[in-house]
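Report on the structure given below.
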Amino acid sequence: MKKSIYVKTTEAFLKKLDIDFVKKPFVFDDLDSTNTTAKELAKAGSEEGTIVVARTQNHGRGRFERIWESPEGGVYLSLILRPSVSLEKTPLLSFIAALAVTKSIHVYGLHAAIKWPNDVRVNGRKIAGILLESEGDGQMINYVVVGIGINLTIDLKKLSDDIQARSTSLINELNYPVDYHEFLKTFFMKFEHYYEVFQKQRYGEIIDEWKAYSDTLGKNVRVKTMTETLQGAAFDVDQSGFLLLRIASGETKKILSGDCLYFDELNHT
Ligand code: BTN
C-alpha cells in the first residue's frame, strides 16, 4: 500500500471494524517499533483494545533482543490487553495470537504450522513472529502488549541474507498479493474468538487447538533458553504453555521460553 494513503485508509478501516475488543487505533507510516509505542501507551493508561500499527518499522524488535526487519509489505501490529488473569497464563496469549495468524493464513489455502512457542511457518520457513511484553503487579497482569509481525507482501530480497534464507511471505507462497485490510479483518475476527475463550479461562481448549496446529510435538528438538541449551523429544505442552522435553537421561524438562530448532532442519534453521 502506498505510503501516502496507508495511514488514512488503515485508520478509517480500523475505526469501523466491528470487532468488540478493538477500541482505539494508532496508525503510523514509519515507527521505531509498534511494541515500544504500545508499551508507552499502556503505561500511560491506554485501555484494552488499543492498537498500534505501522507501515514500516525502523527498530522492529524480535524475541531475545533480535531485530525484526520491517520493510513495507508486512503487518506490524501491537495490541494492548489487560486481562484479569494471573501472570503465569500470559504465555497463552502468544499461543492465541499464533493460532489466529495461522488460521488466517489457512484461509488462503496455505499450510501454516506453529513452531513452539509461537513462530508461524509455511513450508519450513518463518512467515510470522510474535513478541509478548507484559508488566505485572505481584501475581496479576497490569498490561500485555502482543506484538505481531507478518510477512504479507514483503519483497524477501529486502531482508538481510540470513533472515531471507529462513523466511517466506504470503506473496512468495501464493504468487499474488493478499489484501492488507482483508487479512487484518480475518486476523482480528479469529483473535477475538480465541481471546474470548482465554478470558473465560477455557485454557484446555486453547492448548488443544494449539497442539492441532503445531508441528513441534513428537519432534526431536534443541531448545536454547536464556541459561542453557537442551536437547530431547518434545512430547507435550502443559496448561500454561510450557514445553515438556524428555532429555536423554529420561528426565522431563519444563521450558517456559526459548528458541526451538528441529533436528531434521538444523542445517537451515
Ligand atoms: C519474533 O519472532 O522474534 C517476534 C517478532 C515480533 C515482531 C513484531 S512486529 C510488530 C511488533 N513490534 C515490534 O517491534 N515487534 C513486534
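The values are calculated or read from the model by the stated rules, or taken from the named source; none is laboratory data. Just so it is clear, the model here is predicted, and its values are computed rather than measured. Here the Cβ is made from the backbone with ideal geometry for all residues, glycine too, and neighbour counts use every protein chain on show.
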Look at residue 37 and say whether it is of a type in the set (S, T, N, Q) and under 21 Å from the mean Cα position of the chain (by Cα).
-> yes
Per the filter on segment 135-158, residues in a strand (DSSP E or B), modelled with pLDDT of 95 or more and among the hydrophobic types (A, V, I, L, M, F, W, C) are 144, 145, 146, 148, 150
Please verify whether segment 163-171 includes one or more residues that are among the small types (Gly, Ala, Ser), in contact (Cβ under 8 Å) with a residue 60 or more places away in the chain and within 16 Å of the ligand (Cβ to nearest atom).
-> yes
For segment 204-269, please list each of the strands (runs of 3 or more DSSP E) lying entirely inside it that holds at least 1 residues being on the phi < 0 side of the Ramachandran plot and surrounded by fewer than 16 Cβ atoms within 10 Å (Cβ to Cβ).
-> 220-224, 229-237, 243-246, 252-255
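Condition check: of a type outside the set (Phe, Trp, Tyr) and farther than 22 Å from residue 147 by Cα. Does residue 200 satisfy that?
Considered against the rule, which asks whether it is of a type outside the set (Phe, Trp, Tyr) and farther than 22 Å from residue 147 by Cα, residue 200 comes out as yes.
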State all residues of segment 41-81 that are acidic (Asp, Glu) and either in contact (Cβ under 8 Å) with a residue 40 or more places away in the chain or away from the ligand (no atom under 13 Å from the Cβ) (or both); if no residue qualifies, say none.
-> 47, 48, 69, 72
Which residue pairs have Cβ atoms under 7 Å apart, sit 6 or more places apart or on different chains, and have a first residue in segment 252-269 that is at pLDDT below 95 and a second that is in a strand (DSSP E or B) and among the polar types (S, T, N, Q)?
-> 263/220
Examine segment 75-89 for a residue that is in a helix (DSSP H, G or I), under 26 Å from residue 179 (Cβ atoms) and modelled with pLDDT of 95 or more, and state whether such a residue exists.
-> no
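Give me a count of the residues in segment 1-53 that are of a type in the set (Val, Ile, Thr), part of a helix (DSSP H, G or I) and either modelled with pLDDT under 95 or within 30 Å of residue 136 (Cβ to Cβ) (or both).
Result for segment 1-53: 4.
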Identify the residue in segment 90-125 that is part of a loop (DSSP other than H, G, I, E, B) and within 25 Å of residue 239 (Cβ to Cβ) and, among all such residues, is modelled with the highest pLDDT.
-> 116
Among (1) surrounded by fewer than 19 Cβ atoms within 10 Å (Cβ to Cβ); (2) away from the ligand (no atom under 16 Å from the Cβ), residue 158 falls short only on (2)
For segment 172-201, what are the residues that are in contact (Cβ under 8 Å) with a residue 24 or more places away in the chain, part of a helix (DSSP H, G or I) and over 18 Å from the mean Cα position of the chain (by Cα)?
-> 173, 174, 199
